[in-house]
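Here is the structure we will look at.
The values are calculated or read from the model by the stated rules, or taken from the named source; none is laboratory data. Please read these numbers as outputs of a predicted model, since none were measured by experiment. Please note: Cβ atoms are built from the backbone with ideal geometry, for glycine as well, and neighbour counts cover all protein chains shown.
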Ligand code: FES
């Protein structure tokens with residue numbers, strides 16, 4: 001069966017943070033993000049996307065704006 | 001919900017079969033047109049979701065109806081595969097898939113809603129969209145038990161968010177229903193199916209077909225990836241257009257929620273779901289691409305249809 005090898009060894013545990021090329025940082029679980037101004041924002045969903053491009057209108061959360069940026073300005 | 005109105009000889013015969021008044025021979029019947037075809041298939045698929053108040057639930061697994069469903073599915077699946085035949089996705093697969101979706105440059109209904117659609121046009125669009133939004137995320141749930149572990153864990157996380165993190169008040173399809181109701185529209189599932197053009201039913205049928213067949217799990221997840229990755233920015237435009245024409249804030253809030261939610265979901269769907277699925281089950285690669293392309297292609301065809309109608 002496909003994937004059997006993977007299942008026999010057990011998949012690696014998922015990381016707590018995933019850096020998405022050209023896009024946000026995914027964070028899993030309930031945590032508090034402090035932004036550059038020192039303001040604290042608590043996550044409110046099982047997985048959250050923290051903006052890395054600095055252009056989100058919903059900062060600190062990603063709102064997809066990174067996709068409108070030229071490649072060299074993307075994280 | 002009640003069964004929709006027939007749109008031709010095939011859907012009329014199907015409704016007779018569903019109401020138990022006839023047992024038509026499918027050999028003698030062909031869909032009259034796209035409306036008759038898509039409505040018939042949509043009606044058959046709904047038996048596997050919340051069903052119809054005027055149809056015996058046991059008919060979901062009736063071999064005679066499943067025979068018709070298969071007859072309608074085959075040419076439609078072939079159509080979608082053919083339209084996607086020349087699509088190529090580079091490696092690494094997740095990056096290639098994201099690129100394919102980002103490169104899509106079809107017309108944007110959300111941009112028109114944001115800038116210049118009339119209130120009546122926005123309401124019309126909401127009625128068409130309601131066919132899916134009132135069962136949002138449901139077709140993809142059928143894919144969940146058919147996945148290898150990594151894709152399954154990531155899809156479960158995504159669906160949990162779609163379903164409000166366990167809170168009915170935050171469940172996406174419920175948020176949409178509340179917004180519809182506040183806007184003076186009917187919030188019950190299927191309320192506007194009779195108003196939906198064939199292309200909207202085809203969009204819904206793609207989701208249902210991909211979701212209901214284990215064989216098509218790759219297409220189901222590819223569709224999910226394209227859907228989520230074309231949602232954040234358009235949702236912001238939808239929310240602003242809805243406020244511009246003075247529709248209720250609860251409706252705009254449904255789209256606000258999708259700006260942030262889908263910025264998360266697109267990464268989950270493209271990288272942690274489709275990316276790992278194709279690594280663990282490489283035979284699904286082509287279907288992931290077919291599913292993603294079908295989502296983009298159907299939305300573009302729908303947008304063209306709607307813009308033409310509004311321009312007339
Ligand atoms: S990383 Fe997505 S908006 Fe900044």
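Any chance you could count how many residues in the stretch B:108-121 are surrounded by 21 or more Cβ atoms within 10 Å (Cβ to Cβ) and in a helix (DSSP H, G or I)?
Qualifying residue count for the region: 3.
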Complete set of residues in the stretch A:1-35 that are more than 17 Å from the chain's Cα centre (by Cα) and either facing another protein chain (nearest Cβ under 10 Å) or modelled with pLDDT of 75 or more (or both):
A:1, A:2, A:3, A:4, A:5, A:6, A:7, A:10, A:11, A:12
Conditions (1) at pLDDT 95 or above; (2) more than 8 Å from the ligand (Cβ to nearest atom); (3) at the interface with another protein chain (Cβ under 7 Å from one of its Cβ atoms); number of the one not met by residue A:41:
(3)
Test for residue A:32: is it within 12 Å of the ligand (Cβ to nearest atom), touching a strand residue (DSSP E or B) at 6+ places or on another chain (Cβ under 7 Å) and closer than 24 Å to residue A:14 by Cβ:
no
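On the basis of being part of a loop (DSSP other than H, G, I, E, B), closer than 18 Å to residue B:298 by Cα and within 14 Å of chain A (Cβ to nearest Cβ), does residue B:86 make the cut? Talk me through it step by step, then tell me what you get.
Numbers: part of a loop (DSSP other than H, G, I, E, B): yes; closer than 18 Å to residue B:298 by Cα: yes; within 14 Å of chain A (Cβ to nearest Cβ): no.
Taking the combined requirement at face value, the residue does not satisfy it.
Quick check on my filter: what residues within the stretch A:27-75 are in contact (Cβ under 8 Å) with a residue 40 or more places away in the chain and more than 15 Å from residue B:259 (Cβ to Cβ)? Step through it out loud before you land on a result.
Taking the stretch A:27-75 first, the residues in contact (Cβ under 8 Å) with a residue 40 or more places away in the chain are A:66-67, A:71, A:74-75.
Result: A:71, A:74, A:75.
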Does residue B:120 satisfy being assigned by TED's automatic domain parsing to the domain that holds residue B:172, on the phi < 0 side of the Ramachandran plot and over 17 Å from the mean Cα position of the chain (by Cα)?
yes
Quick test for you: out of B:76, B:97, B:66, pick the one residue that is in contact with a helix residue (DSSP H, G or I) (Cβ under 9 Å, 6 or more places away or on another chain), assigned to a helix (DSSP H, G or I) and without any contact (Cβ under 8 Å) to a residue 24 or more places away in the chain.
B:66
Could you check how many residues of the stretch A:44-72 are near the ligand (Cβ under 10 Å from one of its atoms) and either at the interface with chain B (Cβ under 7 Å from one of its Cβ atoms) or more than 25 Å from residue B:166 (Cα to Cα) (or both)?
19
Of the listed residues (B:171, B:247), the one being touching a residue at least 24 places away in the same chain (Cβ under 8 Å) and over 13 Å from the mean Cα position of the chain (by Cα) is B:247
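Right, residue B:277: within 14 Å of chain A (Cβ to nearest Cβ) and either closer than 25 Å to residue B:176 by Cα or in a helix (DSSP H, G or I) (or both) or not?
Considered against the rule, which asks whether it is within 14 Å of chain A (Cβ to nearest Cβ) and either closer than 25 Å to residue B:176 by Cα or in a helix (DSSP H, G or I) (or both), residue B:277 comes out as yes.
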One residue from B:95, B:105 being surrounded by fewer than 20 Cβ atoms within 10 Å (Cβ to Cβ) and either modelled with pLDDT under 95 or not assigned by TED's automatic domain parsing to the domain that holds residue B:226 (or both):
B:105
